[in-house]
Every structure is written in C-alpha cells, then in structure tokens.
1. Here's a check for you: in segment 1-54, which residue that is crowded, with 16+ Cβ neighbours inside 10 Å and β-branched (V, I, T) is farthest from T96 (Cα to Cα)?
2. Would you confirm whether or not segment 241-250 contains a residue that is outside any loop (DSSP other than H, G, I, E, B) and under 26 Å from S143 (Cα atoms)?
3. Given the conditions (1) surrounded by fewer than 17 Cβ atoms within 10 Å (Cβ to Cβ); (2) closer than 19 Å to L8 by Cα; (3) not aromatic (F, W, Y), which single one is not true for P84?
4. Of everything in segment 193-206, what is under 17 Å from E231 (Cα atoms), crowded, with 17+ Cβ neighbours inside 10 Å and not β-branched (V, I, T)? Give them in sequence order.
5. For segment 23-76, how many residues are touching a strand residue (DSSP E or B) at 6+ places or on another chain (Cβ under 8 Å) and under 23 Å from A119 (Cβ atoms)?
6. Might you check whether a residue that is crowded, with 18+ Cβ neighbours inside 10 Å, at pLDDT below 95 and not in a loop (DSSP other than H, G, I, E, B) occurs anywhere in segment 146-169?
7. Can you tell me which residue in segment 116-131 is surrounded by the fewest Cβ atoms within 10 Å (Cβ to Cβ), limited to those that are of a type outside the set (G, A, S) and part of a loop (DSSP other than H, G, I, E, B)?
Amino acid sequence: MVDLHVLLDFKQGIADDPPGALSSWSNSTHFCGWRGVNCTTTRPFRVSRLVLTGLDLAGQITSSLGNMTFLRSLDLEWNNFVGPIPILGRLQQLHTLYLNNNHLHGIIPDSLTNCSSLANLDLSVNSLVGQIPPELYFPSHLSYLNLSGNSIAGPIPPELGFLSNLTVLDLSENLLVGQIPLKLGLLSNMIFLDLSTNLLVGRIPPSLGFLPNLAYIYLRSNQLEGSIPDELGQLQELKELILGRNKLLGEFPKAVLNPSASLQILGLEFNMLGKALPPKIGC
C-alpha cells in the first residue's frame, strides 16, 4: 500500500488542477486505474510509470515520490510545479525523469546520482541554480541530458566525458563559465551537443572532431576564441554547425565544406573570420 499513500500524498501537494486531471484519484478505484498511472503486470502491483504532462498542474512535487521504488518513468513536464526537485535517490529502477518546462528552483540534488538506471534526464526550462554536480556521471546508462534554460553557473564538469552512452547533451542558455572540457571528446556516441548562450571561453576542443556520430554542434553566443579546429572536417555525419557570436578567427577548415560532407546549416555570424572564409560561403 506504499504506492497508494504516495500517490494520495502527491495529490495533496497539488494546489491547482484546472482540467480535473486527478479527479479519478480516489479510493473508489484501484490506483493502477488512475489517470497517468501505470503499474507492473504482476502482484503485488506497483507503480512503474507516472505520466502527467501538459495539464497545468500547480503545486510542489512531494518528496514521498522517492518511496515508489518500482518507478521507471516519472514525467511531469509542461506543468506549473514550483519548489525544489525532491530527493529521488532511492529510485534505483528510474529510467526516465522529465521535469522540464515547470517553475522548479533550487539546485540539482546530488541524490540523482544514486538513480543508477537513469537514462533520460530533462530538467530544462526551470529556474534551477547552483552548479552541475560532477557526480552526475555515476548513472552510467545516461544517454539524454538536458539542463538548458536555467540559471546554472560554474564550469562544465569534465566528468561528463565519462558518460559513454550519452547521445544528447544540451546545456544551453545557462550561466556556465570556463572552457569546454577536453574530455567531452570521449563521448563517442554523441549525436547532439548544444552549449550555446553561456559564458564559455577558450578554444573549441579539437577532440570534438573525433566523435564519429556527432551531427549537431551549437556553440553560439559564448566568448570562444582562436581558430575553428581542422579536426571538425573529419565529422562525416555533421549536419549543423552553429558558431556565431563568438570571437573566432583564422581560416575556416575547408574539409568541413568538401563535396562529400553532410553539412546542411552553417552559422558563423559576428565572429572575426572575415575574408578568411572560403568564397563559396561568403563572409
């Protein structure tokens, strides 16, 4: 009955439910039949998924959710939740956590690093502050990480380079400082990298050119300097390269534009490349 009490406690934390989405949440029916709730298929029935997206629910996410130890997916995106992210470190089976597009504040709790099965984490478009926990690489299955659209500060932890399964890393629109870690060049499964609209300095790591699956690179609106690495010309899957609004200079790597390249969109505006650009793409 643990899950029943947790769900009722969660409902108590809802201050506003405009569409009446939780009206079915009552003792008159088994909780496995409640809206947004999915359970395991064998007894004792335990909650495996809680999906309540885009319902304009307002209130706080109760910490008791951390007691639903069979939970594999928690999806509360596109609501009006406020307050901190609850402690969920006991959820060893949690695979997907989507809390994006709410009004959550506070820091990213270190306890998330105890969710050893976590593969998809989206906390984007909230009001989170603090720094990215270096220990976030401990959920070694993590393949999707989106922290964009917050006020997260500090450096990008080099330890993120140990997330060998990572395919998407989006840290855009934050207050991140320092250099792009060289260890991101270890993310051999990376497809999508967005670090745009931060306060990053230094050079673009040549090691990014060794990521065989990298197709989308967005580094726009930082303070990056130096030349664009020739190694980016080795990216056979590269489709979009957006480097505008930095302090880049020097010669543009011709290999990026060779006839066999897959590049479709190139953004270089407001840099200092000038006439170093090949005539075929202009200034």
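The values are calculated or read from the model by the stated rules, or taken from the named source; none is laboratory data. Keep in mind that this is a model prediction, so the values were computed, not measured. Glycine gets a Cβ as well: all are built from the backbone with ideal geometry, and neighbour counts include every protein chain shown.
1. That would be I14.
2. Filtering segment 241-250 down to residues outside any loop (DSSP other than H, G, I, E, B) leaves 241-242, 247-249.
Add one more test, that the residue is under 26 Å from S143 (Cα atoms), and what stays is 241-242.
Yes, segment 241-250 has at least one match.
3. In the conditions (1) surrounded by fewer than 17 Cβ atoms within 10 Å (Cβ to Cβ); (2) closer than 19 Å to L8 by Cα; (3) not aromatic (F, W, Y), P84 misses (2) alone.
4. Answer for segment 193-206, where residues must be under 17 Å from E231 (Cα atoms), crowded, with 17+ Cβ neighbours inside 10 Å and not β-branched (V, I, T): L193, P205.
5. 23
6. The answer is no, given that none of the residues of segment 146-169 is crowded, with 18+ Cβ neighbours inside 10 Å, at pLDDT below 95 and not in a loop (DSSP other than H, G, I, E, B).
7. The extreme case among them is V129.
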